[in-house]
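Q: Here it is, the structure, as structure tokens.
Each value in this text was obtained by applying a stated rule to the coordinates, not by laboratory testing. Every value quoted in this text rests on a predicted model; they were computed, and no experiment measured them. Note that each Cβ is placed from the backbone with ideal geometry, even for glycine, and that neighbours are counted across all protein chains shown.
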Amino acid sequence: MSVLQKILNQNPKTEDYLIETLLSLQEAKDEPYITEEEIADIAEHYGISPTRVSSVASFYTLLSLRPRGKHIVQVCRDVPCYLNGSENILEAIKKNLGCDKGETTDDGLFTLEETSCLGNCDGSPTMRIGEETYTNLDTKKVETILAKYREAK
């Protein structure tokens, strides 16, 4: 039985469990993203369209429809962060990683994304890498943080 089938069997056949299913599936896999085949299977299970499943999966930043790096670097794009220099932080990260937003580094270590509010407006600009949130960023701080993740590989 596949990982997806086990997860689907644990949940009632109601769309109310769609997000929980997607999160559980992504978390359970070695490659943490949802494939088109899995979207089709989930849609069939819940009796909804694959477009509906895909739109839900693409809406939430915790879910991905494509392979991502080991570390997901998310830079807040909301107004407080923007006003405090998140565009400069994003540019510094792009330069440091050698990739643009929405891309993964060649070594598969980082994926760079923009995201909505991370809930740290008083410490803007802010970024999150995995479960860690970093606030009051400047370019030097960004370099130090990324170096730490590179060293840990």
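Q: Which residue, chosen from Val3, Asn120, Thr135, occupies the Cα position most advanced towards the positive end of the dipole of the chain, where the dipole is computed from +1 (Lys, Arg) and -1 (Asp, Glu) charges on Cβ about the Cα centre?
A: Thr135
Q: Report the residues of the range 60-93 in range of a label on Arg150: point 7 Å along Cα→C-beta, backbone N strictly under 18 Å from it.
A: Label zone hits: 69-74, 89-93.
Q: Pairing rule first: another cysteine's C-beta must sit under 4.7 Å. Under that rule, which cysteines of the chain stay single?
A: Cys99, Cys117, Cys121, each lacking another Cys Cβ under 4.7 Å.
Q: Specify whether the C-alpha gyration tensor of the range 48-153 places it in the rounded, prolate or oblate class, a ≥ b ≥ c being the square roots of the eigenvalues: rounded for a/c under 1.5, otherwise prolate if a/b is larger than b/c and oblate if not. Before the final figure, lay out the partial values.
A: Details: a/c = 2.15, a/b = 1.31, b/c = 1.64.
Here the range 48-153 falls in the oblate category.
Q: Expected output is a single nm value to one decimal: the length gained when fully extending between Leu23 and Ser2, i.e. 0.36 nm times separation in residues minus the C-alpha distance. What is it?
A: 6.0 nm
Q: Under the rule of -39500 (n - 2.57) per DSSP H run of 4 or more residues, summed and divided by the residues of the chain, what mean residue ellipticity at 222 nm is obtained, to the nearest 500 deg cm²/dmol?
A: Theoretical 222 nm ellipticity from helices: -13500 deg cm²/dmol.
Q: If you restrict to DSSP beta bridges whose two residues both lie in the range 71-152, what percentage is antiparallel, to the nearest 5?
A: 55
Q: Which Rg and Dmax, in Å, describe the Cα atoms of the range 3-59?
A: 10.0, 27
Q: Counting only DSSP beta bridges with both residues in the chain, tell me the antiparallel percent, nearest 5. Present the calculation step by step, with values, prior to reporting the outcome.
A: Values: 7 of 13 bridges.
Here the antiparallel bridges make up roughly 55 percent for the chain.
Q: Within 10 Å, count the other beta carbons around each residue, average over each peptide in 30-39, 117-126, and list them highest first.
A: Final packing ranking: 117-126, 30-39.
Q: Sort Arg66, Arg128 so that the residue with the fewest other Cβ atoms within 10 Å of its own Cβ comes first and the one with the most comes last.
A: Sorted ascending by nearby Cβ count, the order is Arg66, Arg128.
Q: Taking the chain as the reference, fit the longest principal axis to its C-alpha atoms, fit the long axis of helix 36-46 to the helix C-alpha atoms, and give the angle between the two in degrees, 0 to 90, nearest 10.
A: So the inclination is approximately 50 degrees.
Q: In debye, nearest 20, what is the charge dipole magnitude of the range 63-140 about its Cα centre with +1 on Lys and Arg Cβ and -1 on Asp and Glu Cβ, if you could check?
A: Rounded to the nearest 20 debye, it is 120 debye.
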